[in-house]
Amino acid sequence: MSETATPTHLVDVRRLPPRERHPTIFQTFRGLADGEAMELVNDHDPKPLFYQFQIEAPGQFLWQYLECGPETWRVRISRQASPQAKDSCCGGCGGA
């Protein structure tokens, strides 16, 4: 599926209080199906959010800057299939 054909959910957090921004973003991300994307609109570079995604969703997202300030940042965050979802096994039980 091409990027233009992938459904995109717009999440504009500029008017949200800072304490509500990351929970809103992660709630939207968790609601995405594999291959879907959200477009984040923010009033600053969301680099700390990128690091949080690396911790909370490693290997499950792609991050693409669409606009880089100075007043507006737009980032496309795509959901990727998690490595565990492919085989339904984390490997911790040895496949039992």
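The values are calculated or read from the model by the stated rules, or taken from the named source; none is laboratory data. The structure presented is a predicted model; accordingly, all values stated were derived computationally and were not measured. No Cβ is skipped: glycine too gets one built from the backbone with ideal geometry, and neighbour counts run over all protein chains shown.
Structure notes:
- Of the residues examined, Ile77 is one that is closer than 14 Å to His22 by Cβ and in contact (Cβ under 8 Å) with a residue 40 or more places away in the chain.
- Residues of the range 38-73 satisfying the condition of being under 15 Å from Thr28 (Cβ atoms) and of a type in the set (D, E, K, R): Glu39, Glu56
- The range 43-96 - residue that is part of a helix (DSSP H, G or I) and at pLDDT below 95 and, of those, nearest to Ala33 (Cα to Cα): Ala85
- Tabulated pairs, the range 12-37, first crowded, with 16+ Cβ neighbours inside 10 Å, second in a helix (DSSP H, G or I), C-beta under 7 angstrom, 6+ apart or interchain: Val13/Arg21; Val13/Thr24; Val13/Ile25; His22/Leu49; His22/Gln52; Ile25/Leu49
- Selection count where residues are under 19 Å from Leu66 (Cβ atoms) and charged (D, E, K, R), scope the range 9-24: 3
- Filter result (closer than 28 Å to Pro70 by Cβ and among the aliphatic types (A, V, I, L, M)) within the range 32-54: Ala37, Met38, Leu40, Val41, Leu49
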